[in-house]
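**Q** Structure provided below as structure tokens; questions to follow.
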Amino acid sequence: MPFWMSWLNGESPVAVTIISIALMLACGFLMTRITKKLRLPNVTAYIVGGILAGPFCLNLIPRTVIENTAFLPDIALAFIAFSTGEFFRLSVLKKNGGKVITITVLESVGAAILVFLTCHLILGLNFAFSVVLGALATATAPASTIMTIRQTGAKGDFVDTLLQVVALDDVVCLILYSVAVSVADAVFSSSGFQIAQVLLPIGKNLLLLLLGCFFGILLKLLISRRSNDNRLIVAIALLFSYCGICAVLDVSPLLGCMGMGMVYINTTEDERLFRQLNYFSPPILLLFFFRSGLSFDLGLLVNNSEAIGSVSLLLIGIIYFIVRIAGKYLGAFAGCKLAGKSPKVSRYLGLALIPQAGVAIGLAALGARELGGELGRALETIILSSSVLYELIGPGAAKLSLYLSGSYSNELEDLAPVEETTEDGQKKTEVDLLIERIQKIQSELPAHTENENERAFTEAAEEYYHDQNIPAPRRNPRRRIL
């Protein structure tokens, strides 16, 4: 029992839950102050913070809270998936969709096959465990990749291809994961392996995908008739409703929520709702990743698990970490060659696909729930430990790939190109060129410190004040964004 629970007069479940959530949010935020100085993503801070606060380290959060927040992976996956659906614009996919699908399938399947063969044939691990782990190897982290692209201002064919691949990547991951879990359940079934046990969950996922697309149309109809202050309420209500349906049927909400986002963006072209949800979701994602860290079993990592094989989970995690990178790189290289991409794209695309976090961790939590027991705990432990490593090197590898592919440059001449001669044909001095380049860079900088997610959220709040005839609070354009 955490030491702070002894300070309470009795053990009020409400007080314990509220204080635990406050501690999770506070600890997650404080850890980002450390990782920010180290230039590491927030996901790393949340997971590491959860591990330190968990029952295997400082024991700040009681196990009852950890167990009673099992719904967080479903909710977090819904937000992640809906946001990913924004990148499935049909107008963009029509341009080079065939090539992107070829690259995505090869790099995803390449990683899955290589991880499965290594785990099952070389390490001699349990067949069902190896299948599910191979399926999870296909997932990437779109958020890390998009963040790196925005920071560098990269653009070009390499960036366009990368964005579409990481968006489609998670679709392939979910399909393979659904098949893998179905195969694992069939293997463990007392009646033996039957093809119907595999096809039934796949059919269930396809039906829920159609339902998700219907929810996307429903979202469009409901939002179009509502004032701006209710847009967020309607969107979250529909996302939660869909998650509830998926939970009843014991199916991941990821694919359907992607479909919901895809249908909504293609029928409305409304990017603002995605910005509002992205600004609203950080506390939920923090709690999800922090809880994942709380569930991390340090003792299991250094011990052998008889349920999966005779190899320690630490060794399996290290091998999985290396083999997945190799599978991603080789698959992306082969896919780019087959799709006729330029050498710079084919050589360096695999480096940008290293990050792995949200989707893989969420599916690992669902997989642990479905497989259960020691097998499920081992699966979640490996994915969590490797995700921390991927988030440590992933953004750096993505930035390196953008640089090597020529998608961005640190040279001032490339960042701010200007005419080097005057209108009458005279060559400008170096001082004049420098002044013009500085002025051009300044003119392209945003006029305020708000990011696009915060701006969309703030504008909706101001419209609410206007509609209700309430004086809006004054905004301070110079306030610091931490």
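**Q** Looking only at segment 345-380, filter to residues that are modelled with pLDDT under 85 and farther than 22 Å from Ser182 by Cβ; which one of those is farthest from the chain's Cα centre (by Cα)?
**A** Pro355
**Q** Separate question: Consider segment 111-129. How many of its residues are small (Gly, Ala, Ser) and surrounded by fewer than 24 Cβ atoms within 10 Å (Cβ to Cβ)?
**A** The total comes to 2.
**Q** Among the residues of segment 327-350, what is the count of those that are buried (at least 24 other Cβ atoms within 10 Å of the Cβ), out of contact with any Asp or Glu (no Cβ under 7 Å at 6 or more places or on another chain) and of a type in the set (A, V, I, L, M)?
**A** Residues in segment 327-350 being buried (at least 24 other Cβ atoms within 10 Å of the Cβ), out of contact with any Asp or Glu (no Cβ under 7 Å at 6 or more places or on another chain) and of a type in the set (A, V, I, L, M): 1 in total.
**Q** Can we say Gly376 is out of contact with any strand residue (DSSP E or B) (no Cβ under 8 Å at 6 or more places or on another chain), open to solvent by less than 10 Å² (accessible area, probe 1.4 Å) and not aliphatic (A, V, I, L, M)?
**A** Considered against the rule, which asks whether it is out of contact with any strand residue (DSSP E or B) (no Cβ under 8 Å at 6 or more places or on another chain), open to solvent by less than 10 Å² (accessible area, probe 1.4 Å) and not aliphatic (A, V, I, L, M), Gly376 comes out as yes.
**Q** Another one. Which residue out of Phe88, Phe82 is open to solvent by 10 Å² or more (accessible area, probe 1.4 Å) and within 25 Å of Thr145 (Cα to Cα)? First the steps, then the outcome.
**A** Values: Phe82 fails: open to solvent by 10 Å² or more (accessible area, probe 1.4 Å).
Only one candidate passes the filter, namely Phe88.
**Q** Would you be able to tell me the number of residues in segment 245-294 that are open to solvent by 40 Å² or more (accessible area, probe 1.4 Å) and not in a helix (DSSP H, G or I)?
**A** Adding up the residues that qualify gives 3.
**Q** Next up: For segment 59-69, state whether one or more residues are open to solvent by 20 Å² or more (accessible area, probe 1.4 Å), at pLDDT 85 or above and at positive phi.
**A** So far as segment 59-69 goes, yes, one or more of its residues are open to solvent by 20 Å² or more (accessible area, probe 1.4 Å), at pLDDT 85 or above and at positive phi.
**Q** Is it the case that Ser310 is touching a strand residue (DSSP E or B) at 6+ places or on another chain (Cβ under 8 Å) and not aliphatic (A, V, I, L, M)?
**A** Values: touching a strand residue (DSSP E or B) at 6+ places or on another chain (Cβ under 8 Å): yes; not aliphatic (A, V, I, L, M): yes.
Against the criterion (touching a strand residue (DSSP E or B) at 6+ places or on another chain (Cβ under 8 Å) and not aliphatic (A, V, I, L, M)), Ser310 qualifies.
**Q** Kindly list, by first and then second residue, each pair from a residue in segment 261-274 that is within 14 Å of Cys213 (Cβ to Cβ) to a residue that is not in a helix (DSSP H, G or I), limited to pairs with Cβ atoms under 6 Å and residues at least 6 apart or on different chains.
**A** As it stands, the answer is Met262/Phe88, since those pairs meet every condition given.
**Q** With respect to Leu314, determine if the residue is open to solvent by less than 40 Å² (accessible area, probe 1.4 Å) and either not basic (Lys, Arg) or not in a helix (DSSP H, G or I) (or both). Give the derivation first.
**A** Numbers: open to solvent by less than 40 Å² (accessible area, probe 1.4 Å): no; either not basic (Lys, Arg) or not in a helix (DSSP H, G or I) (or both): yes.
Taking the combined requirement at face value, the residue does not satisfy it.
**Q** Consider Thr64 carefully, then state whether it is within 24 Å of Ala26 (Cα to Cα) and of a type in the set (S, T, N, Q).
**A** For Thr64, the condition - within 24 Å of Ala26 (Cα to Cα) and of a type in the set (S, T, N, Q) - is met.
**Q** For Ala357, which of the numbered conditions (1) over 15 Å from Ala112 (Cα atoms); (2) surrounded by fewer than 22 Cβ atoms within 10 Å (Cβ to Cβ); (3) not charged (D, E, K, R) fails to hold?
**A** (2)
The values are calculated or read from the model by the stated rules, or taken from the named source; none is laboratory data. Since we're looking at a predicted model, the values are computed, not measured. FYI the Cβ positions are ideal-geometry reconstructions off the backbone, even for glycines, and counts take in every protein chain you see. Keep in mind that these areas ignore ligands, DNA and RNA; they rest on the heavy atoms of the full protein, side chains included. Shrake-Rupley method; radii C 1.70, N 1.55, O 1.52, S 1.80 Å.
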